[in-house]
Amino acid sequence: MSGAGSARPAADDTPHWVALRRRMVAEQLRGRDITDPRVLDAMERVPRQAFVPESLRPDAYADRALPIGGGQTISQPYIVALMSQLLALRGSERVLEIGTGSGYHAAVLSCLAHEVYSIEIDPQLAASARERLVALGFATVNVRAGDGFLGWPEAAPFDAIVGTAAAPRVPEPLVAQLREGGRLVMPIGSGDDQQLMAGVKHEGRLSLRSVTDVLFVPMTGKVRTPEPVPAPTLRKDPLPPGEGSR
């Protein structure tokens with residue numbers, strides 16, 4: 001299957017689910033500020049019910065996030081669409097996703113880009129997402145277990161990077177792996193104080209803007225390690241008069 005192509009339908013994607021999905025797109029996405037026709041089409045094609053626990057399938061198209069186990073969630077449909085729209089994908093891009101979860105957002109991205117690389121820190125979630133994506137025909141999504149803070153350096157540079165867990169700062173390796181002119185979208189902050197940030201890399205630096213308040217599960221791994229504090233510079237010359245301890 002080529003990038004931005006069609007996945008084969010889920011085995012249980014009955015007219016009931018198709019109708020719920022169309023209603024979700026019409027009311028939750030078009031009814032707000034999602035205007036990119038490619039994003040709307042992708043959201044209408046990907047069978048969200050295949051990415052949630054069976055007990056929660058009746059709520060698959062509800063306007064809210066849902067738990068998927070392991071303390072993780074599948075994001076609200078609107079947020080998935082908004083983040084995808086902010087990436088401004090046109091079909092030829094290579095995208096890095098931090099936080100595979102159930103694989104739903106990766107599936108949506110695969111309808112919008114040429115290739116998707118997705119990292120999940122929970123090995124069990126990574127394995128189940130990989131199996132699910134393969135079964136549903138999303139062959140251009142590459143999934144591996146690992147610490148998203150470190151990115152996927154051997155596959156870099158990426159045209160776009162999306163983070164699906166809140167970090168206290170944008171991980172430095174992700175900025176390095178984003179190509180010049182590339183876009184990054186991810187939640188920054190902690191607890192109830194989080195902002196969805198969107199940025200573009202220009203002259204090696206990431207320029208960020210705040211889009212909206214959000215509430216994501218926290219990113220774990222190396223990102224939670226405090227940034228090193230530089231050691232003080234030791235002066236070799238004698239202190240001039242008036243300097244010293246007080």
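Every read-out reported here was derived from the displayed coordinates using simple, explicitly stated rules and does not represent laboratory data. This structure is a prediction, so every number in the text was calculated from the model and none was measured. Neighbour counts run over all protein chains shown; Cβ positions are idealised from the backbone, glycine included.
According to the Cα-based calculation, Rg over Rh for the stretch 138-215 is 0.97, with Rh computed by the Kirkwood formula.
With a ≥ b ≥ c the root eigenvalues of the C-alpha gyration tensor of the stretch 30-134, is it rounded (a/c under 1.5), prolate (a/b larger than b/c) or oblate?
Since a/c reaches 1.5 but b/c is at least a/b, the shape of the stretch 30-134 is classed as oblate.
Sorted into 10 angstrom bins from 0, the C-alpha pair distances of the chain split as 7, 31, 35, 14, 5, 3, 3, 1, 0 percent.
Average projected area of the Cα convex hull of the stretch 7-79, in nm²? Numbers along the way, then the final one.
On the way: hull surface 20.0 nm².
Taking the Cα atoms of the stretch 7-79, their convex hull projects to 5.0 nm² on average.
Computed extension length for Ala62-Leu215: 53.4 nm, one decimal, from 0.36 nm per residue of separation with the Cα-Cα distance subtracted. Most tightly packed first, judged by the mean number of other beta-carbon atoms within 10 Å of their residues, the peptides 42-53, 73-84, 23-34 read 73-84, 42-53, 23-34. Helix 77-87 axis versus longest C-alpha principal axis of the chain: approximately 60°, rounded to the nearest ten.
Using only Cα coordinates, the Kirkwood hydrodynamic radius of the stretch 86-218 works out to 14.6 Å. Before rounding to the nearest 500, sum -39500 (n - 2.57) across all DSSP H runs of length at least 4 in the chain and divide by the residue total; then give [θ] at 222 nm in deg cm²/dmol. Helix contribution divided over all residues of the chain: -6500 deg cm²/dmol. Its residues counted as N, the stretch 95-155 yields a C-alpha radius of gyration over 2.2 N^0.38 Å of 0.97.
What is the packing order of peptides 64-71, 142-149, 113-120, taking the mean over residues of other C-beta atoms within 10 Å and listing the highest first?
Details: 64-71: 14.9, 142-149: 19.8, 113-120: 24.8.
With the highest mean Cβ count within 10 Å placed first, the list reads 113-120, 142-149, 64-71.
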